[in-house]
Amino acid sequence: MQLQPLDIALILLYLAAIAGVGIWVGRGVRSGRDLFLGGRSLPWWAVGTSLVVSDIGAKDMVGLADDGYRYGLVMANFDLIGCVFPVLVAAFLFMPYLWLAGVYTIPEYLGRRYNETVRTLVGVCLALSMVAMLGVIYVSAASMFGTLLGWSFEMSILITALVVGLYTVIGGLKAVVYTDFVSCIVLIVGAALICLIGLGEVGGWEALRAKVSALPDTEHHFNVIRPASDPDYGWPAVLLGLGFVLGPAYWIGNQAIVQRTFGTTSQSAARASYVLCAAIKTIFPLLLVVPGLIALALFHEKIGPGGAEDWTGGRVLPELVKLLPSGVLGIVLGAFLAGIMSNLDSYVNSASTLVVTDLYKARLRKGAGERECLVAGRVLIVVFLLGGILLAYQVRKFSSVFEAFQTYLSLIQGALLALLLLGMLTRRTTPAAGVAALLGGVGAALWMNWSGVHFLWIAWWSFVTALGAGILVSLFTRPHPEERLRGLVWFLPGAPAETEGGEA
């Protein structure tokens, strides 16, 4: 596809603006606290928009277009059930305690609540998960750039890593949040333009329904709720796996998400950022899933059926983008770049924060100062960007990047949610129970993934396994004393007792 000079100018202008904002904001970064938490000076409105684009990015634009083509409106549940309600629960129940604890990371909180073993194990699991997410985002970028610009897979991901690495290494979380504010606006405009122009090509909503319904195997494409017998997205799997586990775990325990709220100016600002995120997210189910239905109506002969045997992911959004006129195309590609960069900078900064805080400083260099942590964090950002490139080749084996993203999340989210619920809502859960819950939940998830179980059921049953293991082991082991748990359990206010290394 040949980009016109206007499109190229708009894309370059966007890239220059994002890099410029990131570098300018990053001038004040002098310590690890500045790099990882923005000096706890981030305004709620910027954090709220950053939360949106940290969740909605290139993987969602490409992956939900693909899966909207294959499955229809049921995919809107990932925002309807899996986002809005869990975000509000996180805002009013969990965020106040996490923010007041003064932690940098979720594993740091779990280390205080349980012990250093839990902290280390969760830190390793989350860091590996985030590197896998980087691979997912790289593949999303390569699918667009390869189709539209003719770039090779390697060239696409190297350029992407270089641009994001530049301002993330320099500016840290503060640069990430402020560039995400710009990206959020561009992303909404770009996604809306794809929907409006695509619906115009089809002939409107009723014409879209008629054309899709006339195709084979589309009887449920306009149903948000599918029958229980559906092999992929039956309503029990969506309710239990997504609504009860993946959604809450993502918004309560995903380091790439909650790290933004740790950097706000106050507890009320952290809560306000989550509420703003929930409000903005209500418009995204249609903006991201409907393009898949439009492509099904317009390009089903070219792209082919959505069955697993003959399906090649990453083709839907590039075909839709070809409908756009010059100028509009530049805006939409800018939106896609916004999604790439906001996702990448979120995950790479958070992975770096995890390793420095929960492994390097907690285990290897307990006396490390802020300057040393700053240097280590910047080095790790580069390391993780390179690690994501290696894992991108594994991600290409999945049917869609969104499926890959959710599958990787399902391996840890069930156990993580069980740890957070048991730790924050009860004082009887013991340190040994925390270790048992984590190992049991992750072990069950890995076994089910190897057995070919759908990721929604992996999330649910790994959560149940972790919850059961935690409760069972708590019955036979000793909990922390009450003073040790103050400020860490919801009905025990106050500051927790100081303990060396997080151990009781």
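Cβ separations smaller than 9 Å between residues 6+ apart or across chains give the following pairs from the range 375-386 residues that are surrounded by 15 or more Cβ atoms within 10 Å (Cβ to Cβ) to residues that are outside any helix (DSSP H, G or I): A376/R365; A376/A368.
One residue stands out among those in the range 295-315 that are of a type in the set (A, V, I, L, M) and modelled with pLDDT under 85: the one that is farthest from S399 (Cα to Cα), which is I303. What pairs can you find where one residue is in the range 420-439 and assigned to a helix (DSSP H, G or I) and at pLDDT below 95, the other is crowded, with 21+ Cβ neighbours inside 10 Å and among the basic types (K, R), and their Cβ atoms are less than 7 Å apart, with a gap of 6+ or different chains? Every condition considered, the pairs that remain are G423/R113.
Select from the range 449-470 the residues that are farther than 16 Å from D232 by Cα and either out of contact with any helix residue (DSSP H, G or I) (no Cβ under 9 Å at 6 or more places or on another chain) or among the small types (G, A, S) (or both) and write down the one among them that is surrounded by the fewest Cβ atoms within 10 Å (Cβ to Cβ). Filtering the range 449-470 for residues that are farther than 16 Å from D232 by Cα and either out of contact with any helix residue (DSSP H, G or I) (no Cβ under 9 Å at 6 or more places or on another chain) or among the small types (G, A, S) (or both), the one surrounded by the fewest Cβ atoms within 10 Å (Cβ to Cβ) comes out as W450. Evaluating L446 against the criteria (1) at pLDDT below 95; (2) within 20 Å of Q406 (Cα to Cα); (3) loosely packed, with under 15 Cβ neighbours inside 10 Å leaves one unmet condition, (1). Take G247 and decide whether it is in contact with a Gly (Cβ under 7 Å, 6 or more places away or on another chain) and surrounded by 18 or more Cβ atoms within 10 Å (Cβ to Cβ). Taking the combined requirement at face value, the residue satisfies it.
Mind checking which residues of the range 260-272 are touching a strand residue (DSSP E or B) at 6+ places or on another chain (Cβ under 6 Å) and at pLDDT 80 or above?
From the range 260-272, those touching a strand residue (DSSP E or B) at 6+ places or on another chain (Cβ under 6 Å) are 263-264, 270; that's our starting set.
A270, the sole residue that qualifies.
Out of (1) touching a Phe, Trp or Tyr at 6+ places or on another chain (Cβ under 8 Å); (2) within 22 Å of L456 (Cα to Cα); (3) of a type in the set (V, I, T), what's the single condition that is false for V212? For V212, the failing item is (2). The residues in the range 153-209 that are modelled with pLDDT of 80 or more and touching a Lys or Arg at 6+ places or on another chain (Cβ under 9 Å) can be counted, and the count is 3.
Is it true that E206 is out of contact with any helix residue (DSSP H, G or I) (no Cβ under 8 Å at 6 or more places or on another chain) and either surrounded by 12 or more Cβ atoms within 10 Å (Cβ to Cβ) or closer than 21 Å to H300 by Cβ (or both)? It would help to see each step written out before you state the result.
Working: out of contact with any helix residue (DSSP H, G or I) (no Cβ under 8 Å at 6 or more places or on another chain): yes; either surrounded by 12 or more Cβ atoms within 10 Å (Cβ to Cβ) or closer than 21 Å to H300 by Cβ (or both): yes.
The answer is yes for E206.
List, please: which pairs have Cβ atoms under 6 Å, are six or more places apart or on different chains, and start with a residue in the range 5-29 that is under 11 Å from G334 (Cβ atoms) and at pLDDT 70 or above and end with one that is hydrophobic (A, V, I, L, M, F, W, C) and surrounded by 14 or more Cβ atoms within 10 Å (Cβ to Cβ)? From the range 5-29, the pairs are D7/L329; I11/L333.
Which residue out of V212, V245, V186 is in contact with a His (Cβ under 7 Å, 6 or more places away or on another chain) and assigned to a helix (DSSP H, G or I)? Steps first, answer last, please.
Values: V245 fails: in contact with a His (Cβ under 7 Å, 6 or more places away or on another chain); V186 fails: in contact with a His (Cβ under 7 Å, 6 or more places away or on another chain).
After ruling out the rest, the residue left standing is V212.
Taking the condition of a type outside the set (F, W, Y), modelled with pLDDT under 95, over 19 Å from the mean Cα position of the chain (by Cα) and on the phi < 0 side of the Ramachandran plot, does L409 pass?
Judged against the criteria, L409 is not a match.
Kindly indicate whether any position in the range 56-79 is surrounded by fewer than 22 Cβ atoms within 10 Å (Cβ to Cβ), without any contact (Cβ under 8 Å) to a residue 40 or more places away in the chain and within 17 Å of the chain's Cα centre (by Cα). There is no residue in the range 56-79 that is surrounded by fewer than 22 Cβ atoms within 10 Å (Cβ to Cβ), without any contact (Cβ under 8 Å) to a residue 40 or more places away in the chain and within 17 Å of the chain's Cα centre (by Cα).
Per-residue answers, yes or no, for (1) surrounded by 17 or more Cβ atoms within 10 Å (Cβ to Cβ); (2) of a type in the set (S, T, Y); (3) in a helix (DSSP H, G or I); (4) over 23 Å from the mean Cα position of the chain (by Cα):
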residue	(1), (2), (3), (4)
L196	no, no, yes, yes
E201	no, no, yes, yes
D217	no, no, no, yes
P231	no, no, no, yes
G241	yes, no, yes, no
T261	yes, yes, yes, no
A269	yes, no, yes, no
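Cβ-Cβ contacts under 6 Å between residues 6 or more apart (or on different chains), taken from a first residue in the range 280-302 that is of a type in the set (D, E, K, R) to a second residue that is crowded, with 24+ Cβ neighbours inside 10 Å and part of a helix (DSSP H, G or I), are listed as K281/C83.
The values are calculated or read from the model by the stated rules, or taken from the named source; none is laboratory data. On a predicted model such as this, the values are computed, not experimentally measured, just so you know. In this analysis, Cβ positions are derived from the backbone assuming ideal geometry, glycine residues included, and neighbour counts consider all displayed protein chains.
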